[in-house]
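In what follows, a single structure is set out as structure tokens and then discussed.
The values are calculated or read from the model by the stated rules, or taken from the named source; none is laboratory data. This structure is a prediction, so every number in the text was calculated from the model and none was measured. Cβ atoms come from the backbone with ideal geometry, glycine included; neighbour counts cover every protein chain shown.
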Amino acid sequence: MPWTLGGIRIYVQELGKEAEAIIPRLQPLNGGTVHQIYGYQDPITMLKGLVVGSGDMLRLESFLTSGIEFNFNSPEGNLGNFFVKAVKNSRSEYPFQTIRQDMDCMTPVYNVDVTLYKD
């Protein structure tokens, strides 16, 4: 099974997560540092990869304003439903694409960085 987000094929090159706790540090005048633990943030998933075709790139960008979750699948199976928080893209320098055989060799290829929030 290929990597897909909301049905869009993404050729994932890096996948990572980031999580952090909410711990403010207080420094009283007469003592050492006091840590107040208020909770934590759910992990944020970040992926880097390639998207072939302007149509798929536009669809991926449209996920930002949809307000709905999208199914994220990997070769290992379903990773769950995610909100798309951010999409950064740049058109790659490849003169010809050979990644997707179902598309013309002159189809543009985009480098993408996608930030996902799990519900």
So the strands (runs of 3 or more DSSP E) completely within segment 1-90 holding 1 or more residues that are touching a Lys or Arg at 6+ places or on another chain (Cβ under 7 Å) are 11-18, 44-52
If I ask for residues that are modelled with pLDDT of 95 or more and either under 26 Å from Ile99 (Cβ atoms) or among the basic types (Lys, Arg) (or both), which ones from segment 18-48 would you list?
Thr45, Met46, Leu47, Lys48
Considering each of Ile44, Ile99 in turn, give the residue that is within 17 Å of the chain's Cα centre (by Cα), surrounded by 12 or more Cβ atoms within 10 Å (Cβ to Cβ), β-branched (Val, Ile, Thr) and over 16 Å from Gly7 (Cα atoms).
Ile44
Do you know which of the residues in segment 68-88 that are touching a helix residue (DSSP H, G or I) at 6+ places or on another chain (Cβ under 9 Å) and exposed (fewer than 15 other Cβ atoms within 10 Å of the Cβ) is nearest to Ser54 (Cα to Cα)?
Ala86
When you look at Glu76, is it of a type outside the set (Lys, Arg), within 18 Å of Gly16 (Cβ to Cβ) and over 16 Å from the mean Cα position of the chain (by Cα), yes or no?
yes
